[in-house]
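Below: one structure, written as structure tokens.
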Amino acid sequence: MTVILDGKKLRDELLDGLKGKLSNYVNAPKLVVILVGDNPASKIYVNNKKKTAEKLGINSVILNYPSDISEEELVRKINELNQDMSVNAILVQLPLPQHINKNTIINAISPIKDVDGFTPENSGKLLAGETPYVYPCTPKGILLLLDKYGIEIEGKHVVIVGRSNIVGKPLAVMMLNRNATVTVCHSRTKKLSEITKSADILISAVGRNIISADMVSGGTVVIDVGIYKDENGKTRGDVDFENVATKASYISPVPGGVGPMTIASLMLNTVELFDFQNKRSCD
Ligand code: NDP
């Protein structure tokens with residue numbers, strides 16, 4: 001029987017635990033989310049993050065800058081937040097307007113406040129097999145979900161479709177660090193379905209309906225990261241859920257799979273950074 005990987009349930013469990021932990025804190029951690037422009041999807045994402053944070057007792061502030069803010073000005077704002085001792089975690093909501101170089105902005109964030117784990121120091125630590133201050137939220141959420149369901153990673157062939165800096169690449173490294181054999185596929189990959197069929201664990205992070213049942217072997221663990229709206233405005237993932245579910249051993253739904261785990265990881269990361277900074281100031 002196919003098991004549905006319930007990201008909402010695990011998110012709720014993790015956030016309940018976090019809420020309990022935070023109720024013993026004297027000071028609340030503070031997460032600052034930077035939003036540039038008025039992209040409607042980004043607004044929804046940042047508001048959801050703020051709502052979740054506040055339910056837990058995390059102080060969350062959204063700084064919304066106009067879309068014509070200069071790169072230099074944005075770097076200046078980030079530097080102020082880096083210096084501000086009351087701020088524990090900084091998140092820059094992507095995408096940014098075209099005139100702003102995403103890497104310049106990410107690189108400006110202090111690694112100890114980098115709640116997404118995207119700065120060169122954190123991604124370098126990850127690549128070197130060291131422990132970063134925090135792990136990127138979506139890959140971290142996927143591993144928490146697999147671990148919760150007792151799904152073995154070591155020695156497994158993990159196929160990741162998508163090589164972005166926020167999902168595919170860090171996830172590949174985290175899987176390698178857990179002793180998986182990893183194949184990363186992308187838009188230039190040839191014979192994609194031959195590769196996906198050889199997966200023990202198949203993770204798709206593309207953003208369109210790409211994984212059909214004939215691309216999946218029986219018993220595969222299938223993780224769907226993709227989120228997009230179809231022509232009827234319905235939220236969809238990369239995987240043909242109904243048909244793939246008849247073959248998979250475990251499968252994550254969209255919505256209700258990886259999305260909630262990403263938010264849970266963001267909250268866990270905020271508290272981890274807060275704890276680290278407090279410990280460091282006491283040492
Ligand atoms: P990107 O657009 O940055 O990356 C998409 C990846 O898919 C690229 O590596 C691209 O290849 C690859 N790709 C595109 N077409 C094909 C194809 N035909 N065959 C194989 N690979 C292909 O996206 P993100 O990583 O940022 O996000 C991916 C999806 O995951 C989106 O739907 C996004 O909304 C969702 N997402 C969901 C999250 C969650 O919490 N659930 C969090 C983050 C993202 P190439 O590099 O060659 O262009």
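Read-outs throughout are calculated quantities, based only on the coordinates presented, and are distinct from any laboratory measurement. The shown structure was predicted, so the numbers you read here are calculated from the model rather than taken from an experiment. Every residue, glycine as well, gets a Cβ built from its backbone with ideal geometry; the counts of neighbours run over all protein chains shown.
Of note:
- Ratio of Rg to Rh over the stretch 1-112 (Cα coordinates, Kirkwood Rh, two decimals): 1.04
- Anchor Lys21: lysines whose Cα lies under 21 Å away (excluding residues fewer than 8 positions away in-chain): Lys8, Lys9, Lys30, Lys49, Lys50, Lys51, Lys55, Lys113, Lys140, Lys148, Lys279
- Percent RCO, i.e. relative contact order, over the chain, from Cα pairs under 8 Å lying at least 6 residues apart: 21 percent
- One decimal place: the segment Thr235-Glu72 gains 55.0 nm when fully extended, by the rule 0.36 nm per residue minus the C-alpha distance.
- When you work out D = kT/(6 pi eta Rh) for the chain at 37 °C and 0.692 mPa s, using the Kirkwood radius from C-alpha pairs as Rh and the Stokes-Einstein form, the result is 167 µm²/s.
- Förster-model FRET efficiency, 45 Å R0, Ala41 and Cys282, C-beta, rounded to 0.05: 0.65
- Converting phi to 3J(HN,Hα) with the Karplus coefficients 6.51, -1.76 and 1.60 and the offset θ = phi - 60°, the stretch 13-23 yields 4, 5, 6, 4, x, 5, 4, x, 4, 5, 5 Hz in sequence order, with x at every glycine or proline.
- The slack in the chain from Thr2 to Asp147, taken as 0.36 nm per residue of separation less the alpha-carbon distance, amounts to 50.5 nm.
- FRET efficiency estimate (nearest 0.05) - Cβ-Cβ, Arg208 to Glu242, R0 22 angstrom: 0.85
- Within the same chain, aspartates and glutamates fewer than 8 places from Lys190 are excluded, and of the rest, those with a Cα less than 19 Å from its Cα are Asp214, Asp238.
- Above 18 Å, the calculated P(r) of the stretch 111-191 contains 41 percent of its Cα-Cα pairs.
- Here, P(r) means the percent of Cα pairs in each 5 Å bin from 0 to the largest distance; for the stretch 9-61 it is 4, 19, 24, 21, 16, 9, 5, 1.
- Dimensions of the stretch 172-271 from C-alpha coordinates, computed as largest minus smallest value along each principal axis and given longest first, are 41, 41, 28 Å.
- Under Karplus coefficients 6.51, -1.76 and 1.60, residue-wise ³J(HN,Hα) of the stretch 192-203 in Hz, glycine/proline x: 3, 5, 5, 6, 5, 5, 8, 7, 7, 10, 10, 10
- Legend: calculated FRET efficiency, Met85 to Lys9, from the Cβ-Cβ distance at R0 = 35 Å, rounded to 0.05, equals 0.45.
- Full extension of the chain between Lys21 and Thr181 gives 54.0 nm of extra length, using 0.36 nm per residue less the Cα-Cα distance.
- Rounded to the nearest 10 degrees, the angle from helix 168-177 to the longest Cα principal axis of the chain is 80 degrees.
- Annotation: the stretch 29-170 has a Kirkwood hydrodynamic radius of 16.4 angstrom, from the mean reciprocal C-alpha pair distance.
- Based on C-alpha pairs under 8 angstrom that are at least 6 apart in sequence, the stretch 15-108 has a relative contact order of 37 percent.
- Computed about the Cα centre, the dipole magnitude for the chain is approximately 180 debye when only Lys and Arg (+1) and Asp and Glu (-1) carry charge, each at its Cβ.
- For the stretch 195-251 and the stretch 148-187, distance of Cα centres in Å: 15 Å
- Beta bridges by DSSP in the chain, antiparallel share as percent, to the nearest 5: 5 percent
- Loop-located trypsin sites (Lys or Arg not before Pro) in the stretch 112-190 (DSSP state not H, G, I, E or B) with no more than 12 neighbouring Cβ atoms inside 10 Å: Arg188, Lys190.
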